[in-house]
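Report on the structure given below.
The values are calculated or read from the model by the stated rules, or taken from the named source; none is laboratory data. The structure presented is a predicted model; accordingly, all values stated were derived computationally and were not measured. Because the Cβ atoms are built from the backbone with ideal geometry, glycine has one as well, and the counts that use them run over all protein chains shown. What goes into the accessible areas is simple: the full protein's heavy atoms, side chains included, and nothing from ligands, DNA or RNA. Shrake-Rupley method; radii C 1.70, N 1.55, O 1.52, S 1.80 Å.
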Amino acid sequence: MSKLGNLGARLHHGEVGYDFVKNRKLWYGISILITITAIVGLAVRGLHMGIEFQGGAVFTTPKNMSASVSQAETYAEDASGHDAIVQKLGDGSLRIQIAGTDTSASDQIKDKLSKDLDVPAEKINAELVGPSWGDQIANKAWQGLGIFMVLVVIYLAIAFEWRMALAAFVALIHDITITVGIYALVGFEVTPGTVIGLLTILGYSLYDTVVVFDSLKEQTKDVTKQTRWTYAEIANRSINSTLVRSVNTTVVALLPVAGLLFIGGGVLGAGMLNDISLSLFVGLAAGAYSSIFIATPLVADFKEAEPQMKALKKRVLAKRAQAAAKGEPAESAVDGGPYADDGPEDEAAAVVGPRNQPGSRARGRGRPSGKRR
């Protein structure tokens, strides 16, 4: 078995782990700082909306143009008086986008570009884009986002419980805010491809969260009938048991997106790939982060505010204090396999974790966890 596979098995069985839930205030602080930075960037710089949302003109030159992108950009800005975005296509032609122009101005811009680029005006293709089309896209996107959020909350509340639905909702808002804020800070153009990418990441963001929630739901059945671990500790083991799976799926999803963003858009200069690849890259990374560091710790906070979970925590801590007074080793909050339905006679022996060999031998091989003959 590979080292990563061995680590995954040890995490799943509770032999090793990291206390994510215990350090949740640190993760909350980091998330709040990132979110505030994203909001400030959005408020100060705003989003660079593409021509599809602002309206304007798109000019396409003939193939194999000798003019460089920077030269064409200067010519277009001088001719229109507006900022221009120029992209060199694979056949050598130039695609010039100028926002904020109308029909009357587009003919003059076309004539000026033909002189500056030394190309016959009839060989320059001009297309006008109205802002109403972009408004329709934006409205449909907001409607789709709203419907998605409502359906997700309803589904999670039915499949799991409302506290998990609320935590997943907070994680989704967290991911969307960070993604949009980074778009504002980086200054990438927002196009329909960006909207598609933004809506796509919502499903990826929920995937890891639902995986952890499913494990947590399974491990917390009849949680109040045992006195070995608190709800937060079981939630932490749920994160650790699915950690390698979450990392693997996220890395596999990020690799092709990174290729589009850094190689396709950065090295090869296919700028149109940046529209969708940046939103996917940031959203996937933020979704993996939020499922581990935000959603599940939030569920633990919500649940441990309940009276029965407070009572459980008090019993667990009292039992550990009693064991410590007797000089018995107490089970770690991170280590230890899933709790069994231990009877009263087994609870004293159950406090020893699986890495403490005396406790492991006391149970015997091949017998149900926590049971002795």
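Contact annotation: residue pairs with Cβ atoms under 9 Å, 6 or more positions apart or on different chains, pairing a residue in region 128-147 that is among the basic types (Lys, Arg) with a partner that is part of a helix (DSSP H, G or I), are Lys140/Val195. Of all the residues that make up region 88-104, how many are part of a helix (DSSP H, G or I) and under 13 Å from Gly55 (Cα atoms)? Final tally of qualifying residues: 1. When Gly259, Gly287 are checked against the criterion of being without any contact (Cβ under 8 Å) to a residue 12 or more places away in the chain and touching a helix residue (DSSP H, G or I) at 6+ places or on another chain (Cβ under 9 Å), Gly259 stands alone in meeting it.
Cβ-Cβ contacts under 8 Å between residues 6 or more apart (or on different chains), taken from a first residue in region 80-102 that is at pLDDT below 75 to a second residue that is among the basic types (Lys, Arg) and not in a strand (DSSP E or B), are listed as Asp91/Lys63. Evaluating Met65 against the criteria (1) farther than 22 Å from Ser290 by Cβ; (2) loosely packed, with under 15 Cβ neighbours inside 10 Å leaves one unmet condition, (2).
Can you confirm whether region 49-65 contains a residue that is on the phi > 0 side of the Ramachandran plot and free of Cβ contacts under 8 Å to residues at least 40 places away in the same chain? Yes, region 49-65 contains at least one residue that is on the phi > 0 side of the Ramachandran plot and free of Cβ contacts under 8 Å to residues at least 40 places away in the same chain. Total residues in region 104-128 satisfying the condition of being among the β-branched types (Val, Ile, Thr) and in contact with a strand residue (DSSP E or B) (Cβ under 6 Å, 6 or more places away or on another chain): the figure is 1.
Considering Leu172, Leu166, which residue is in a helix (DSSP H, G or I), open to solvent by less than 20 Å² (accessible area, probe 1.4 Å) and of a type in the set (A, V, I, L, M, F, W, C)?
Working: Leu166 fails: open to solvent by less than 20 Å² (accessible area, probe 1.4 Å).
Answer to the selection: Leu172.
Filtered by the rule that a residue be out of contact with any Gly (no Cβ under 6 Å at 6 or more places or on another chain) and either open to solvent by less than 30 Å² (accessible area, probe 1.4 Å) or among the polar types (S, T, N, Q) (or both), region 196-219 gives Gly197, Thr200, Leu202, Leu206, Asp208, Thr209, Val211, Val212, Phe213, Ser215, Leu216, Gln219. Inside region 221-259, residues that are surrounded by fewer than 18 Cβ atoms within 10 Å (Cβ to Cβ) and in a loop (DSSP other than H, G, I, E, B) make up a count of 2.
Can you tell me which residue is nearest to Asp111 (Cα to Cα) among those in region 122-134 that are assigned to a helix (DSSP H, G or I) and open to solvent by 80 Å² or more (accessible area, probe 1.4 Å)? Reasoning before the result, please.
So the first thing to find is which residues in region 122-134 are assigned to a helix (DSSP H, G or I), and the list is 122-123, 131-134.
Filter once more, so that each one left must be open to solvent by 80 Å² or more (accessible area, probe 1.4 Å): 122-123, 133.
Values: Glu122: 9, Lys123: 11, Trp133: 26 Å.
Ranking the candidates gives Glu122 first.
When Thr230 is tested against (1) modelled with pLDDT of 90 or more; (2) under 20 Å from the mean Cα position of the chain (by Cα); (3) polar (S, T, N, Q), just one condition goes unmet, and that condition is (2). Tallying residues that are open to solvent by 80 Å² or more (accessible area, probe 1.4 Å) and either in a helix (DSSP H, G or I) or at pLDDT below 80 (or both) within region 105-121 yields 4.
Scanning region 181-192 for residues being surrounded by fewer than 20 Cβ atoms within 10 Å (Cβ to Cβ) and either in a helix (DSSP H, G or I) or modelled with pLDDT of 90 or more (or both) gives a total of 3.
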